[in-house]
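To start, the structure itself, in structure tokens.
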Amino acid sequence: MTDRAVTDRAVGARPGSDRAGSARAGSARAGSARAGSDRIVAAEVLVTSPGRNFVALKIVTADGLVGWGDATLNGRELAVAEYLREHVCPILLGRDPARIEDTWQYLYRGVYWRRGAVTMAAIGAVDLALWDIKGKAAGMPVSQLIGGAVRDRVLCYTHATGADTAALLDAVDATRARGFQAIRVQTGVPGLGAIYGVARDGAGYEPAGRGVGPVEETWDTDAYLRHVPGALAEVRAHVGPELALLHDAHHRLTPNQAARLAKALEPVELFWLEDVTPAENQEAFRLVRQHTVTPLAVGEIFNTIWDCKDLIQEQLIDFIRTTVVGAGGVTHLRRIADFAAVGQVRTGCHGATDLSPVTMGAALHFDTWVPNFGIQEYMRHTPETDAVFPHAYSFSQGLMQPGDAPGHGVDIDETLAAKYPYDPRQLPVARLEDGTMWNW
Ligand code: EZ4
Ligand code: CO
């Protein structure tokens, strides 16, 4: 296999813009659709910023199939782009695109320096592009390839935010009017300025800012803990018992503070409380769990099954938030989901607008298949982003469906993408009032 790959690579095409066309000419070859007969002839990275930065990976095969992967890592986009360009694209050439598992293992084990956000986003991009190609070769959507849908549409939630409770209630009403059955609620805190999750000027929440260095925000956990339980209780009283409400504490609290918040929020009957304390130390959730029955969600910054091993094994959480791009693609995420099912933990894929529509499409195929599905996060992309990424998925009445296009159903208009060059931006940072750096 090694010799074969080397030979193919030696004669194979280097990444280049002319390859898709020349490759397509080969698609008429007899028997070219047979598994194992195709080869990757080009792998290219595209960075585009139609309202925010996205990194995409394009893989082209000798049979003329094109697969797209998302490689976006918010605020560190070019690290993944270069990782792919310099270290991954060259070694993809000549490989059999049908052998997704082998390529996954090749990139994961082969790097020696395992795991990490950059490596796993790069592997995720390759994985999504290869599932896209497999689907196009088979004429089937990705959900079919991984076992078939167990549901046609999936519950999703979006965000409602307000600087104060009155503004939050208005935002919740407006979000319900759009059909949402599940809403994440974030509120400003008296005495604090801009904080995580709260949009200003009624726009969708968008943290990444322009300029030299990140925006600095001031954080005070005690002020937050004094305000949030009452504010969320007002939201619950306003919407009645049925609407699913979610809240994200964004890694700000210590385990003890997290336990106090989760306990105080029990009357609100949240669908979930997210990232209530940092999870690098998975054991931290034991203390929280011992004190509350508020459902806990974590994992949007996780990269592998190892990040959530103890949390799942000891049933310390209810929802795992990891999504396809952050955790090495569909190949690895389904492994996490199967492991999560052992502990009756359900999925809740991250779906903020800092992930491209490619991730949303692939996540929705995963969501329709995964038996232990919980919910899918969904923030609308800008119209410019939707135009650059034409997609088969759709939203209606609080539910989403991936469409039945072969592959993951998300394409990229490369000509349009080229009109939006990279626009450096960074996520904010948070400091305590005495200046101490804190978790953003
Ligand atoms: O802050 O994706 O639950 N969603 C979140 C997101 C994250 C961003 C960071 O890039 O916490 O809004
Ligand atoms: Co979050």
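The values are calculated or read from the model by the stated rules, or taken from the named source; none is laboratory data. For clarity, every value in this text was computed on a predicted model and none was experimentally measured. Heads up, the Cβs are rebuilt from the backbone with ideal geometry, glycines too, and the neighbour counts pull from every protein chain shown. Heavy atoms of the whole protein, side chains included, go into the accessibility calculation; ligands, DNA and RNA do not. Shrake-Rupley method; radii C 1.70, N 1.55, O 1.52, S 1.80 Å.
Does any residue in segment 336-357 that is under 20 Å from residue 246 (Cβ atoms) come within less than 8 Å, Cβ to Cβ, of a residue that is away from ligand 1 (no atom under 16 Å from the Cβ) and among the small types (Gly, Ala, Ser) six or more places away or on a different chain, and which pairs are these?
From residues that are under 20 Å from residue 246 (Cβ atoms), the pairs are 346/340; 347/337; 347/340.
Tell me yes or no: at least one residue of segment 154-164 is over 19 Å from residue 322 (Cβ atoms), assigned by TED's automatic domain parsing to the domain that holds residue 189 and part of a loop (DSSP other than H, G, I, E, B).
Looking through segment 154-164, at least one residue is over 19 Å from residue 322 (Cβ atoms), assigned by TED's automatic domain parsing to the domain that holds residue 189 and part of a loop (DSSP other than H, G, I, E, B).
Of everything in segment 51-76, what is surrounded by fewer than 24 Cβ atoms within 10 Å (Cβ to Cβ) and outside any loop (DSSP other than H, G, I, E, B)? Give them in sequence order.
58, 66
The conditions are (1) modelled with pLDDT of 95 or more; (2) over 22 Å from residue 365 (Cβ atoms); (3) under 17 Å from the mean Cα position of the chain (by Cα), and residue 56 fails exactly one of them. Which is it?
Every listed condition holds for residue 56 apart from (2).
Of the residues 305, 336, 317, 301, which is within 13 Å of ligand 1 (Cβ to nearest atom) and closer than 27 Å to residue 401 by Cα? Even if it seems obvious, please write down each step before you answer.
Details: 305 fails: within 13 Å of ligand 1 (Cβ to nearest atom); 336 fails: within 13 Å of ligand 1 (Cβ to nearest atom); 317 fails: within 13 Å of ligand 1 (Cβ to nearest atom).
Within the list 305, 336, 317, 301, the selection yields 301.
Can you spot a residue in segment 373-384 that is touching a strand residue (DSSP E or B) at 6+ places or on another chain (Cβ under 7 Å), acidic (Asp, Glu) and not in a helix (DSSP H, G or I)?
First pass over segment 373-384, keeping only residues touching a strand residue (DSSP E or B) at 6+ places or on another chain (Cβ under 7 Å): 373-379.
With the extra rule that they be acidic (Asp, Glu), the set shrinks to 377.
Those still in the list that are not in a helix (DSSP H, G or I) too: 377.
Yes, the conditions are met somewhere in segment 373-384.
Go through (1) closer than 30 Å to residue 314 by Cα; (2) without any contact (Cβ under 8 Å) to a residue 60 or more places away in the chain; (3) more than 15 Å from ligand 2 (Cβ to nearest atom) for residue 227 and report which single condition fails.
Among (1) closer than 30 Å to residue 314 by Cα; (2) without any contact (Cβ under 8 Å) to a residue 60 or more places away in the chain; (3) more than 15 Å from ligand 2 (Cβ to nearest atom), residue 227 violates only (1).
Can you spot a residue in segment 94-101 that is closer than 11 Å to residue 55 by Cβ, touching a helix residue (DSSP H, G or I) at 6+ places or on another chain (Cβ under 7 Å), in a helix (DSSP H, G or I) and open to solvent by 40 Å² or more (accessible area, probe 1.4 Å)? Even if it seems obvious, please write down each step before you answer.
First, pick out the residues of segment 94-101 that are closer than 11 Å to residue 55 by Cβ: none.
There is no residue in segment 94-101 that is closer than 11 Å to residue 55 by Cβ, touching a helix residue (DSSP H, G or I) at 6+ places or on another chain (Cβ under 7 Å), in a helix (DSSP H, G or I) and open to solvent by 40 Å² or more (accessible area, probe 1.4 Å).
Quick one: residue 174 ticks every box in (1) touching a residue at least 24 places away in the same chain (Cβ under 8 Å); (2) open to solvent by 50 Å² or more (accessible area, probe 1.4 Å); (3) under 22 Å from residue 353 (Cα atoms) except a single one, so which number is it?
Of everything listed in (1) touching a residue at least 24 places away in the same chain (Cβ under 8 Å); (2) open to solvent by 50 Å² or more (accessible area, probe 1.4 Å); (3) under 22 Å from residue 353 (Cα atoms), residue 174 misses just condition (1).
The rows are residues; the columns are (1) farther than 19 Å from residue 265 by Cα; (2) in a helix (DSSP H, G or I).
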residue: 167; (1), (2): yes, yes
residue: 171; (1), (2): yes, yes
residue: 176; (1), (2): yes, yes
residue: 179; (1), (2): yes, no
residue: 184; (1), (2): no, no
residue: 200; (1), (2): yes, no
residue: 207; (1), (2): yes, no
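Tell me the residue from 223, 233, 258 that is farther than 26 Å from residue 355 by Cα, assigned by TED's automatic domain parsing to the domain that holds residue 172, open to solvent by less than 20 Å² (accessible area, probe 1.4 Å) and more than 16 Å from ligand 1 (Cβ to nearest atom), please. Show your work before the answer.
Values: 233 fails: open to solvent by less than 20 Å² (accessible area, probe 1.4 Å); 258 fails: more than 16 Å from ligand 1 (Cβ to nearest atom).
After applying the criteria, what remains is 223.
Restricting the search to segment 109-148, which residues are assigned to a loop (DSSP other than H, G, I, E, B), open to solvent by less than 60 Å² (accessible area, probe 1.4 Å) and small (Gly, Ala, Ser)?
Start the filter on segment 109-148 by keeping residues that are assigned to a loop (DSSP other than H, G, I, E, B), which leaves 111-116, 139-140, 146-148.
This time we only want the ones that are open to solvent by less than 60 Å² (accessible area, probe 1.4 Å), so: 111, 116, 139, 146, 148.
116, 139, 148 - these are the residues of segment 109-148 that are assigned to a loop (DSSP other than H, G, I, E, B), open to solvent by less than 60 Å² (accessible area, probe 1.4 Å) and small (Gly, Ala, Ser).
Conditions tested, residue by residue: (1) more than 30 Å from residue 121 (Cβ to Cβ); (2) more than 16 Å from ligand 1 (Cβ to nearest atom); (3) among the β-branched types (Val, Ile, Thr).
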residue	(1), (2), (3)
237	yes, yes, no
264	yes, yes, no
272	no, no, no
281	no, yes, no
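Exactly one of (1) in a loop (DSSP other than H, G, I, E, B); (2) surrounded by 19 or more Cβ atoms within 10 Å (Cβ to Cβ) is unmet by residue 194. Its number?
Of (1) in a loop (DSSP other than H, G, I, E, B); (2) surrounded by 19 or more Cβ atoms within 10 Å (Cβ to Cβ), only one is false for residue 194: (2).
Right, residue 158: in contact with a strand residue (DSSP E or B) (Cβ under 7 Å, 6 or more places away or on another chain) and modelled with pLDDT of 90 or more or not? Walk me through how you get there before you give the answer.
Details: in contact with a strand residue (DSSP E or B) (Cβ under 7 Å, 6 or more places away or on another chain): yes; modelled with pLDDT of 90 or more: yes.
Taking the combined requirement at face value, the residue satisfies it.
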